Structures are given as C-alpha cells and as structure tokens.
Amino acid sequence: MPLAIFDLDNTLLGGDSDHAWGEFIVDHAIVDGASYKARNDEFFNDYLAGRLDIQVYLNFCLQLLAEHEPEQLAAWHKQFMAERIDPIVLPKALALIEKHRNAGDTLMIITATNRFITAPIAERLGIDILLATECERVNGRYTGRTTDIPCFREGKVTRLERWLMENGKKLDGSYFYSDSQNDLPLLNMVDNPVAVDPDEVLRAHAQEHDWPILSLRD
C-alpha cells in the first residue's frame, strides 16, 4: 500500500511546533526570556531561509531537556499541547489524513523537530509512524544530545530509506506533503510531491515542475 508522508510544522499544523515550544518556555519563565527568545527567533529565521545549522540548533534547544526531570517535562508538554498545539491543528489537515487512511495508505509523519515535542502531536493526529530527530536518554533522563542522523533535509531521505529497508516497503505511489524548501530532497524522490502552503522557494519549484499546490489553512 502507498505511503502518505506528511511534514508536520506549517503543513499539518498552522504553525511551527519547535518554535512554539521555545515561545512557550519563554512565556512561562522556564528559561531566561530575552536571551532565549532572541536565539530561538534567530534559528527559526535561519530555518525559513534554508540556512539552518541543525546541529548547532539542536545543541541549543535540547539543553533544557537535560536540566529537568522527565516528569516535569511531561507536565510542561501537556500544558504546551493545550495552549499552543491544539489551537493550530488544522481541520483540513485532519480531513486529508482521514482521506489517506480511508484509502488504506500507510500514514507517516517525518519531521526535523525532535521526538520529545512531536510524539504527542503525532498521537494527537492519529498517526503511529513518526520519523523525527531523536533525543538521547540514559536511565530515563534526557542527556541534551541527539542520537542518530537529524531528520532534516537530506537526513530525512536517509532516515526514510532506512525505514523502507527495515520494513520491506517501497516508495511506489507514495505521497509527500510539505511546506518547506528544506524538504526538496525528499519531495523530489516521491511519485506524488505536494506543496502545502509553501514558502516562496518551494512554490516556485512546484510551479516549475507542475506539482500540486494545496492549502490546508482555513
């Protein structure tokens, strides 16, 4: 059965969960507000411009996970879901997911955002298969480091190719939905690339190659 692969941020969600987490921890004084917000915004703008150094960013954003007990992090995340994620879940995205589910397609989210942030979101969206940037844990605690290849740009291709091999799957007839120029390596691999509310670079590429352009915003 075909794969229906979805980017998460600004595709299935009407916003960026990674950046929103940074804003959440600033607003709740979990981190030093002014300095953290400035760095978080700088990294987000680098991502939008297609120039993000993913490892430098991960070193920055995962440090918080190492500084707190898992129970406290889980409590904050539950509050984060209610305050920041539930309001940006797009009804049209849920309908698209159900369309593919009803067609019998295998559903997957593939995202550069780390698993701590995204696993509960994937569960909220009813998608069991999640490829995300992985966070190292030792004896149940986060270390602030990553494991595996960051699930970003060409890293998404590498991680997906490994998943396909391990699960005996192929990309025949597959779909990939994304908003971002950072996902062009994977969009160019699938049979059915779809640009969703795309940035300017992806929109131009989609128009040049006659890819569908879809909006899931109300």
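Write down Rg/Rh for the stretch 62-126, rounded to two decimals, with Rg from the C-alpha atoms and Rh from the Kirkwood relation over Cα pairs. The partial results should precede the final answer.
Working: Rg = 14.2 Å, Rh = 13.5 Å.
Rg/Rh: 1.05.
Could you work out Rg/(2.2 N^0.38 Å) for the stretch 92-170, with Rg from alpha carbons only?
Details: Rg = 13.9 Å, N = 79, 2.2 N^0.38 = 11.6 Å.
Output field value: 1.20.
Listed by number, the DSSP H helices of the chain that run 18 Å or longer by alpha-carbon position along their axis and have mean Kyte hydropathy of at least 0.0 come to an empty list.
What value, in deg cm²/dmol to 500, does the helix sum -39500 (n - 2.57) over DSSP H runs of n ≥ 4 give at 222 nm once divided by the residues of the chain?
-13500 deg cm²/dmol
Order the following by accessible area, largest value first: Asp218, Asp179, Asp86, Asp172. Probe radius 1.4 Å; ligands, DNA and RNA are ignored. Don't jump to the answer; show the numbers that get you there.
Details: Asp218 145, Asp179 15, Asp86 70, Asp172 110 Å².
The ranking, largest first, comes out as Asp218, Asp172, Asp86, Asp179.
Counting Cα-Cα pairs of the stretch 140-218 in 10 Å increments starting at 0 gives whole-percent bin shares of 17, 41, 27, 13, 2.
With a 1.4 Å probe and all protein chains kept in place, how do Ile129, Ile110 rank by accessible area, largest first? Walk me through the intermediate numbers first.
Numbers: Ile129 45, Ile110 0 Å².
Sorted descending by solvent-accessible area, the residues read Ile129, Ile110.
At a 1.4 Å probe radius, carbon and sulfur cover how many percent of the accessible area of the chain? It would help to have the intermediate numbers written out before the result.
Values: 4950 of 10080 Å².
It is 49 percent, rounded to a whole number.
If Arg115, Arg137, Arg84, Arg159 are ordered by their accessible area, calculated over protein heavy atoms with a 1.4 Å probe, which sequence runs from highest to lowest?
Numbers: Arg115 80, Arg137 125, Arg84 55, Arg159 15 Å².
The ordering from most to least exposed comes out as Arg137, Arg115, Arg84, Arg159.
Over every Cα atom in the chain, the radius of gyration and the widest Cα-Cα span, Dmax, amount to 16.9, 50 Å.
In units of the rule-of-thumb radius 2.2 N^0.38 Å, the stretch 12-54 shows an alpha carbon radius of gyration of 1.18. Using the 1.4 Å probe convention, the accessible area of the chain works out to 46 Å² per residue with neighbouring protein chains retained. Restricted to Cα atoms, the stretch 17-86 shows a radius of gyration and a Dmax of 12.2, 35 angstrom. Positive end of the dipole of the stretch 17-86 (Cβ unit charges, origin at the Cα centre): among Leu64, Ala38, Ala49, the Cα lying farthest that way belongs to Ala49.
The values are calculated or read from the model by the stated rules, or taken from the named source; none is laboratory data. Given the structure is predicted, the values throughout are model-derived calculations rather than measurements. Here Cβ is always computed from backbone atoms with ideal geometry, including for glycine, and neighbour counts include all displayed protein chains. Note: areas computed on protein heavy atoms with side chains; ligands, DNA, RNA excluded. Shrake-Rupley method; radii C 1.70, N 1.55, O 1.52, S 1.80 Å.
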